[in-house]
Every structure is written in C-alpha cells, then in structure tokens.
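Encoded as structure tokens, the structure appears first; notes follow it.
The values are calculated or read from the model by the stated rules, or taken from the named source; none is laboratory data. Remember, it's a predicted structure, so these values are computed and weren't measured experimentally. Cβ coordinates were reconstructed from backbone atoms using ideal geometry, including for glycine residues, and neighbour counts include every protein chain displayed. Accessible surface areas use protein heavy atoms only, side chains included; no ligands, DNA or RNA. Shrake-Rupley method; radii C 1.70, N 1.55, O 1.52, S 1.80 Å.
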Amino acid sequence: MCGIVAAASSRNVVPLLLEGLRRLEYRGYDSCGIATVDEDGLKRARSTARVAQLAEEADKAGLNAVTGIAHTRWATHGAPEVCNAHPHFSRDTIGLVHNGIIENYEEIRERLKGQGYVFYSQTDTEVIAHLVHSNYHGDLLKAVQESILELRGSYAIAVICRDEPHHIVLARQGSPLVLGVGDGEMLAASDAMAVAGVTDRIVYLNEGDVCDITPDHYDVYERSGRVFVPAERAVRIVQAYSGAIDLGPYRHYMQKEIFEQPRAIGDTLEGVVGITPRLFGEGAEEIFKGVSRVLFLACGTSYYAASTAKYWIEAIAGIHCDVEIASEYRYRISVPDPDSLVVTISQSGETADTLAALKHARDELGMTRTLTICNVATSAMVRESKLAYITRAGVEIGVASTKAFTTQLASLYLLALTLAKTQGRLSAEKEAEELKNLRHLPAALTAVLALEPQVIAWAERFTLKSHALFLGRGVHFPIAQEGALKLKEISYIHAESYPAGELKHGPLALVDESMPVIAVAPNDRLVEKLKSNLQEVRARGGELYVFADADTNITTDDRTHVIRLPEHVGMLSPILHVIPLQLLSYHAAICRGTDVDKPRNLAKSVTVE
Ligand code: G6P
C-alpha cells in the first residue's frame, strides 16, 4: 500500500528518501516517485518500475536538494501509470504525496476546474495539490490547514512549496504518518521502518494532526473544530528494525519468514511462565471476568487466525465466539452485546477496515472491552485498544503472511487458556500440561520445516495447474482456507477451500484428474470422517495430496500422495499443519516464476478502505 517518505535536512536528502522507499517496498506498490525543492524550484522523477529504477531517473533529472518528498503508490484512483504516480504538482509551486482515499474529490475537482486548474492525472491526490495551491497566499502551513478542512476520507500527506523550500507540511487523518527525529534533520514516513537506518527517535502523529518540519524542529497542531492549536507530541525510542531486511541465506523474504517461525513462536511465548490475564495488559482480569462472548474482527490471513481461535475459545473456555470480516462488520447492522470482548487481530495494526471495525464496535455499538493481537506495538490498533498482546514475529516483509499468522495463533491459544482460567475452567494440572505443549512448539515446528524437500517435489506438479481444492475439518478447516489463500496470493493458481464434509454439496462436481485436492489430515477425532471424504475424491478420479499425521494410516497409492507430519500435538495441531501449506505455495510460486514477495496487485498493509 502507498508509502510516504519526506525529509528536511542540511545534506542532500535524495539518498535518504530512496533508502526510505526501499524500506517501504515490502508494503507493495506499482509506481513510485520523488520530488525535491530548492531555490531553483521543484524537480521530480517518477517511475512504474522498482525503486532501483527510480534512483536512476532521479539521477538523470539531477535531483539534489536538502528538502524532498517521495512515495510508493498502490493504485486506487487511476491506473499504475507515470502520470498518476506521486508526487503531484500544482502549477510548479506545490508538490504533494498522499496515502489514503479522498471521498469528495470529484466535487472539489469540478470546482477547481472551474477556477482554471488543469488535471494531468486520474488521481484523487492531484485534487489536494491544486486545492492547497488555491489556498496558498504565502503561508504553506495555513494553506494545508485550510485545505484539509474540506477533505472527506482518509489521508496522510507531505507537502512542499517552491516559495518555502526549507520546510515540509504534513497532515494525517485515517492513514499512518510518523516523524523521525534525526541529528539536524527531520524525516516523516508511513512507518518507522522507513527511517530506521537514520534514527530511532519517533513521534507518532495523532488523527487530525498537522505538522510543520524543518531540519531542526517539528511543530504539531491539533484540530479543534475548524481551527488548529499547537500540541505536544512526545518522542519515543522505537527499536530500529534494520536487521529484518537482510535476506541472509534465503532466496525470498517469504522463505526466510517461514523458516523463522520456530524462533518467532519462541519469542512470542517468551516470559509466559503461567496463565494470567496480566499477559494481556493492565486491567485485563477485570475485563475478562465479565466477558460473555468473544467477537473477533480481522481481514485476510488474520481472519483465518480468528476463525481457528473460535474453535479453541469455544472448546477450551466455553465462551460463545463470533468471527467477522472487518470490512463487512463495520457496515452491517448487528446486535451488540456490551459484555463482548472485542478482539482485533492484525499483523500491521494499521489495516483500515479492521481499525474502523474496532471503532464501530467500541464507539457506535458501545462494546468497550477491547483487545488487539498485533505484531506492531506502536500501531494504531494497539493504541486504540484497552488491552494488547504483541506477537514477536519481527518485521514481516513478504506480502503473504506466514510468521505473523502462526504467532497470532500461539497468542490466541494463550487467550483461550486465559479466558478458561478466569472462568474457572482450567485446572492447575491442565495449565501445566498446556504450558509444556506450548513450549514444545518451536521444536515441533523445526521438525515440520524439515519436510521441505518432499514439499518441493509436490510443488513441481502444480506448475501447470490452474485450480486446486483444499479440504480440512474442524479446527483445520481455517487452515485449509489459509492454505488456499496462500496458493492464490503468490502462485496465482485459483484455489478454493471447503470443510471436507461439504464436498458432496457442490465442489465434488469440480473433481476430475486435472484438479489437485489438498487435504489437511491431523490425527484428531474427525480423521475417520475425513478419510471417507478422501475416498469420495478418489472414486471420482481426483488426485489427492494429503498432509497427514504419522499415525493416521492414510497410505500412498497411484493417485494418493502423502507427506507425513512427525507428530500430533493435539489442539495446537493447526500451528504445525499450516507450515507445509506455506511451503507448498512458496515452491509452487517459484516453479511458476512469480514475484513471491510482491505478488501482483496486492499490498502488505492495506491502509485504505
Ligand atoms: C493484506 C496482506 C495480508 C494480511 C491482510 C490483513 O491483505 O496482504 O497478508 O493478512 O492484509 O493485514 P493485517 O496487517 O491486518 O493482518
């Protein structure tokens, strides 16, 4: 999703801006651009290729100045073409980059056209550039403040001006923006990772803030009705994540992240010596005690983590649990239960729909018991929730989520145990046994990762496939769903997932010798039922690829291929079973030659609706 970097310094900011963009590449983008300003005016370079290509363009265009803005764009309004790439200029006076969506851009554009402004792009962003220009009478800060009063929707913007070349004006509403306070230089970016190479001193701007930066200081203004008043925003030290962008011995970040999972889960569970509400923050005990329901809100892979956790919460804690796709929930009329624990799950903590769903549940439906499970401790969702559990996956760069998912699962299992304990449903013996099983997870994951060579052999058979069907039952059905999502995201093979018991209600019609059917087959109480479902596939000439626990007695034959997982870990089994599905997608994508870490049309962090 779109990424912003801006810098005001006493040295040439072009290398800083390009490095910042490179660090934001993982978010996904389809064009990029950079602009500088000095006494000679505005200059820019834009490209629909990668940031490396933009660096060459910037060089050719002779960009070299102490103030500049840069952007990676993920197309919403207008195709990914150079004319739509940011920065956008207005009459060679105002230069602007934007992340977000302006909902009333059409009416503003019509009005500005009437005033003689010419539009060179199809973007909503160019409207803001002209709007700022139309409000500019020698004071950029004022012009930005006046302009944003007219905007509806979400935005993070960074604005430069030919007539004021030594500062940058920033504003945010609904899209993330942070400041990086350097030594005699000031940066701004969509996330702290973009500035991690320069500084770990970070300022988080609040919703509605406008900020003016120069190399030596930042002035923040908060909105109070239609006026802006000075505000204080503290500097926080945020651990630099620079190490995370080294690939090490791996070919792709996704592969690196798959193999990091034993470490990530170990870190996420580190320090858990007993099951206690305190793990989820101050006041958790009070909040958990009165909980009558759990409501999960999430998108994408995080949604499948929630779907898995529903099985755990109901089975272990005996609490009714609902799982909602955030983008649907925020707009549907639902029946709130004030005693619900609203749990948002998010790798980034910035996903626009999940954040809006959280606010909808809390502010409009009055459900104030809020918890976020998140990989970014400083994210908006964590800040908006009363309680939080931070997964310690480390920065996830691959667009397709892997280690974030399994660390979410481990945290959600802890939540199920904690709710069970607060409801008096977890004996001391059971608690000790569960903790032992959790501690064993890193070793169990390592053993599953050793299956990679066998998975590679299977993946090659998927190279020419166009469709695939994933089956699972019970708590492994969401794992089958996640497996299908992974395969379509990065290999572009159309994949569907079904609870195996539903086969004969439709999907069986699709099964023939060209349709691979992938089955998740743990040795749980549903295994015999699953075996019958697999027979239904075999009888129709389907080709089966089964990930089976060692003692399931599912055997290989001419059309049934089996990879055996070394051990069955009871209720925690989904955390192991997703691993071979991640590996299968990864290697199928490699065989098909796709851009694994940056699949087409997708973004890592979806900060617009
Ligand atoms: C995007 C990413 C997915 C992710 C989803 C939710 O679609 O490509 O990998 O699962 O957003 O993101 P979140 O950060 O809220 O978990």
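May I ask you to order 202-213, 448-459 by the average number of other C-beta atoms within 10 Å around their residues, highest value first? Kindly include the intermediate steps, with their values, before the conclusion.
On the way: 202-213: 20.7, 448-459: 16.6.
Order by mean packing, descending: 202-213, 448-459.
Round to the nearest 0.05 the FRET efficiency obtained for Asn104 and Glu460 when R0 = 51 Å and r is the Cβ-Cβ distance. Each step should come with its number before you reach the end.
Values: r = 52 Å, r/R0 = 1.01.
The calculated FRET efficiency here is 0.50.
State which entries of Lys289/Lys403; Lys465/Lys598; Lys386/Lys488; Lys421/Lys504; Lys256/Lys529; Lys529/Lys598 exceed 28 angstrom in Cα-Cα distance in the structure shown.
Beyond 28 Å: Lys289/Lys403; Lys386/Lys488; Lys421/Lys504; Lys256/Lys529; Lys529/Lys598.
Using the beta-carbon distance between Ala539 and His217 and R0 = 60 Å, what value does 1/(1 + (r/R0)^6) give for FRET efficiency, to the nearest 0.05?
0.20
Looking at the square roots a ≥ b ≥ c of the eigenvalues of the Cα gyration tensor of region 452-592, which shape do they give, rounded for a/c under 1.5, prolate if a/b is larger than b/c, or oblate?
Since a/c stays below 1.5, the shape of region 452-592 is classed as rounded.
If Lys and Arg each add +1 and Asp and Glu each add -1, what is the summed charge of the other residues whose beta carbon sits under 15 Å from the beta carbon of Val562?
0
Cα centroid distance between region 263-323 and region 469-491, in Å?
22 Å
Taking 8 Å as the Cα distance limit and 6 or more residues as the minimum spacing, I'd like the relative contact order of region 452-592 as a percentage.
32 percent
Determine the relative contact order of the chain: mean sequence separation of Cα pairs under 8 Å and six or more apart, normalised by residue count, in whole percent.
Rounded, it is 12 percent for the chain.
At a 1.4 Å probe radius, carbon and sulfur cover how many percent of the accessible area of the chain?
After summing per-atom areas, the C and S share lands at 48 percent.
With each run of n ≥ 4 DSSP H residues scored as -39500 (n - 2.57), what mean residue ellipticity at 222 nm is computed for the chain after dividing by its residue count and rounding to the nearest 500 deg cm²/dmol? Present the calculation step by step, with values, prior to reporting the outcome.
Numbers: 18 runs with 202 residues, N = 609.
Only helices count here, giving -10000 deg cm²/dmol.
Starting from the Cα of His166, step 7 Å along the direction of its Cβ; do the same at Arg11; then give the gap between the two resulting points in nm.
Going by the 7 Å Cα→Cβ label model, 2.0 nm.
Can you work out the Karplus-derived ³J(HN,Hα) for every residue in region 474-482? Use 6.51 cos²θ - 1.76 cosθ + 1.60 with θ = phi - 60°, whole Hz, and x for glycine or proline.
x, 5, 8, 5, x, 5, 4, 4, 5
Please report the antiparallel percentage of DSSP beta bridges with both residues in the chain, rounded to the nearest 5. Let's see the in-between values first.
On the way: 63 of 106 bridges.
Here the antiparallel bridges make up roughly 60 percent for the chain.
Using a Förster distance of 22 angstrom, determine the FRET efficiency expected from the C-beta separation of Tyr492 and Asp558, and round it to 0.05.
0.15
Along the charge dipole of the chain, Cβ charges K/R +1 and D/E -1, which of Val291, Thr391, Gly570 sits furthest on the positive end?
In the chain, that residue is Gly570.
Amide H of Leu565: which non-local residues (sequence gap of 5 or more, or other chain) have their own amide H closer than 5 Å, using H built in the peptide plane?
Sorted by chain and number, the residues that satisfy this are Ala548, Asp549, Ala550.
Would you please put 526-538, 393-405 in order of how densely packed they are, using the mean number of other Cβ atoms within 10 angstrom per residue and starting with the highest? Spell out each step's value before the answer.
Details: 526-538: 17.1, 393-405: 25.7.
For the peptides 526-538, 393-405, the packing ranking is 393-405, 526-538.
Starting with the highest mean, order 430-443, 222-235, 577-590, 304-317 by the number of other Cβ atoms within 10 Å, averaged over the residues of each peptide.
577-590, 304-317, 430-443, 222-235
Work out from phi, with θ = phi - 60° and the Karplus expression 6.51 cos²θ - 1.76 cosθ + 1.60, the ³J(HN,Hα) of each residue of region 485-502, listed in order in whole Hz, and give x for Gly and Pro.
4, 4, 4, 5, 4, 10, 9, 6, 7, 5, 10, 10, 10, 9, x, 4, x, 8
Would you kindly derive the ³J(HN,Hα) couplings of region 211-218 from the backbone phi angles with the Karplus curve 6.51 cos²θ - 1.76 cosθ + 1.60 (θ = phi - 60°), listing them in order in whole Hz, with x for Gly and Pro?
9, 10, 10, 10, x, 9, 8, 10
Please compute the alpha carbon radius of gyration of region 3-244, then divide it by the globular-protein estimate 2.2 N^0.38 Å. Two decimals is fine. The partial results should precede the final answer.
Details: Rg = 16.1 Å, N = 242, 2.2 N^0.38 = 17.7 Å.
The value comes to 0.91.
Under a 1.4 angstrom probe, counting protein chains only, how are Lys60, Lys359, Lys604 ranked by accessible area, largest first?
On the way: Lys60 155, Lys359 55, Lys604 25 Å².
Sorted by accessible area, descending: Lys60, Lys359, Lys604.
Give me the dipole magnitude in Debye, nearest 20, for the chain about the Cα centre, with unit charges on the beta carbon: positive for Lys and Arg, negative for Asp and Glu.
Roughly 920 debye, rounded to the nearest 20.
Residue farthest toward the positive end of the dipole of the chain, with Cβ of Lys/Arg at +1 and Asp/Glu at -1: which of Asn553, Val203, Leu16?
So the residue we want is Asn553.
Using a Cα-Cα cut-off of under 18 Å, which aspartates and glutamates could be cross-linked to Lys60, ignoring same-chain neighbours fewer than 8 residues away?
Answer for Lys60, where 18 Å is the Cα cut-off: Glu19, Asp38, Asp40, listed by chain and number.
Amide H to amide H, which residues 5 or more places from Val323 or on other chains are under 5 Å from it, using H placed in the peptide plane?
Phe296
Compute the distance from the alpha-carbon center of region 375-389 to that of region 173-241, in whole Å.
After rounding, the separation between the Cα centres reads 18 Å.
With every protein chain kept in place and ligands, DNA and RNA left out, what is the accessible area per residue of the chain? Probe 1.4 Å, answer in Å².
I get 37 Å² per residue for the chain.
Quick check: from the Cα gyration tensor, does region 1-113 come out rounded (a/c under 1.5), prolate or oblate? Show your work: numbers first, answer last.
Details: a/c = 1.88, a/b = 1.27, b/c = 1.48.
The shape class here is oblate.
In whole Å and largest first, what semi-axes does the C-alpha gyration tensor of the chain yield when each eigenvalue is scaled by 5 and square-rooted?
So the three semi-axes of the chain are 45, 28, 22 Å.
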